[in-house]
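Bear in mind that the values in this text are calculations on the coordinates, not laboratory data. Because the structure is a prediction, the values reported are computed rather than measured. Please note: Cβ atoms are built from the backbone with ideal geometry, for glycine as well, and neighbour counts cover all protein chains shown.
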Amino acid sequence: MEKKIAVINGDGIGPEVTAQAIKALNAIAQEFGHHFMYVNALMGADAIDKTGNPLPDETLAICKQSDAILFGAIGHPKYDNDPTAKVRPEQGLLKLRKELQLFANIRPITTYHSLHHLSPLKAKQLVGVDFIIFRELTGGIYFGKRSLNEDQTIATDECAYSKAEIERVAVMAFEYAQTRKKKLTLIDKANVLETSRLWRKVVQALSGQYPDVTVDYMFVDNAAMQVILNPAQFDVLLTENLFGDIISDEASVLSGSMGLMPSASVGNGSALFEPIHGSYPQAAGKDIANPLGSILSAAMMLDHFGLGEEANAVRAAVNWTLTHSFVSKDIDPINNYGTNAIGDLIADYIKRNAKSAAAHNAELNASTII
Ligand code: IPM
Ligand code: MN
């Protein structure tokens, strides 16, 4: 298979974690006979520094011409602490999501046995925790009208949703639920918000088309509590943009480290894959960042290409590093490995194991012939 991948390193630890995901992709390409071409593009604070624009036109063009986008991280403290800044790195990502119509952000929440001790939850509450969040990504309060009155004392952010916007992401979540435990939970604030009531109506109407999926509805304040009290109850969560942003960060701590959580943002065209962690500027260039979020995002990219076996080969390599404690500082502050070393170990594991799997298959074929 031939694929063109736009690579946006972005800010902070973005470049170093993305480099490890590329090592994993290259190992997969080599072992499974694929050809991945990479084209670099700028976005975020890095792009503002170099071009004055958080999303240069060239980047948008490169992304539109690619099969997928691998993205590192965005954000820089010099903008976070300046509410008057006219351009912000995050504007680049928001514009890219909108331009590419990446309306569904998919965040799997997986827990690993070897990391249970790192989770703020007791180990027994983590048993059976495996759910996935579908967050609407191109609507709601993130993209509504904003205003600030003349004397700068009143600000507004409008939250608007159309039936069509809700339906397209809900359909994706329903279809995905059909491949899992067949349970979908809509998170909203329908006791207060009109947009939430529309979400409920649309999801209720759609549910008739998915009789095998059980749907339940949960107010976001309760959901925030349930994610911590009883996370094993969830299978597929569906929610609007802002609630999804908050709930997914909250849920990410269940695994023990946000550094290993991946995500995919998909629409109708090329899709974007990024770890959910931020740019972690304090760690930039120190070779201490956890590359697993980016590497697992590359696995999601492979799934998106229809390369399930390859995606599983990457996940198997990640599991192997975790069970053998080849982990970064966020996971083990005393005995840890550098970002680069973990990337190398994962690429090597993929190469070694793809070969032994191939040898195993060859043996089987030989014995069939005999
Ligand atoms: C995320 C991030 C972004 C968001 C920021 C960087 C704009 O927090 O991808 O979750 O709020 O969507
Ligand atoms: Mn976020």
With angles folded into 0 to 90 degrees, how steeply does helix 14-32 sit against the dominant principal axis of the chain? Use alpha carbons for both and round to 10. 50 degrees
Candidates M261, M225, M300: whichever shows maximal mean-square fluctuation once the chain is modelled as a Gaussian network with Cα springs under 10 Å: M225
How would you rank V314, V213, going from fewest to most other Cβ atoms within 10 Å of each one's own Cβ? V213, V314
So what is the relative contact order for the chain, in percent, with contacts set as C-alpha pairs under 8 Å and at least six apart? 23 percent
Relative contact order (percent, whole number), the range 1-44, Cα cutoff 8 Å, 6+ residue spacing: 66 percent
Between helix 292-304 and the chain: long-axis angle, C-alpha atoms, 0 to 90°, nearest 10: 90 degrees
Say the cut-off is 27 Å between C-alpha atoms; which of K23/K78; K78/K286; K4/K163; K124/K189; K145/K181; K124/K182 go over it? K23/K78; K4/K163; K124/K189; K145/K181
For N340 paired with M37, estimate the spin-label separation in nm (one decimal), with each label point 7 Å from Cα along the Cα-to-Cβ line. 2.9 nm
Where the centre of each part is set by its Cα atoms, how far does the range 91-115 sit from the range 1-73, in angstrom? 15 Å
So the angle from the long Cα axis of helix 89-99 to the longest Cα principal axis of the chain, reported in degrees to the nearest 10, equals 90 degrees
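Over the range 120-255, calculate the relative contact order: mean separation of alpha carbon pairs under 8 Å at least 6 apart, over the residue count, as a percent. Mind dumping the intermediate values first?
Details: 215 pairs, mean separation 52.5, N = 136.
The normalised contact order for the range 120-255 reaches 39 percent.
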State the answer as a single residue: which of Q178, A341, F234 lies farthest towards the positive end of the charge dipole of the chain, with beta carbon charges of +1 for Lys and Arg and -1 for Asp and Glu, about the Cα centre. Q178
Hydrodynamic radius (Kirkwood) for the range 277-360, which is based on Cα pairs only, to one decimal in Å: 13.6 Å
Taking every pair of alpha-carbon atoms in the range 120-255, give the share separated by more than 26 Å as a whole percent. 26 percent
Would you list the P(r) distribution for the chain, with all Cα-Cα distances sorted into 10 Å bins from 0 and each bin expressed as a whole %? 5, 23, 32, 27, 11, 2, 1, 0, 0
Nearest-0.05 FRET efficiency for D151 and E2, computed from C-beta distance (R0 41 Å): 0.10
Sequence of R135, R97, R315, R197 once ranked by neighbouring C-beta atoms within 10 Å, starting from the fewest: R197, R315, R97, R135
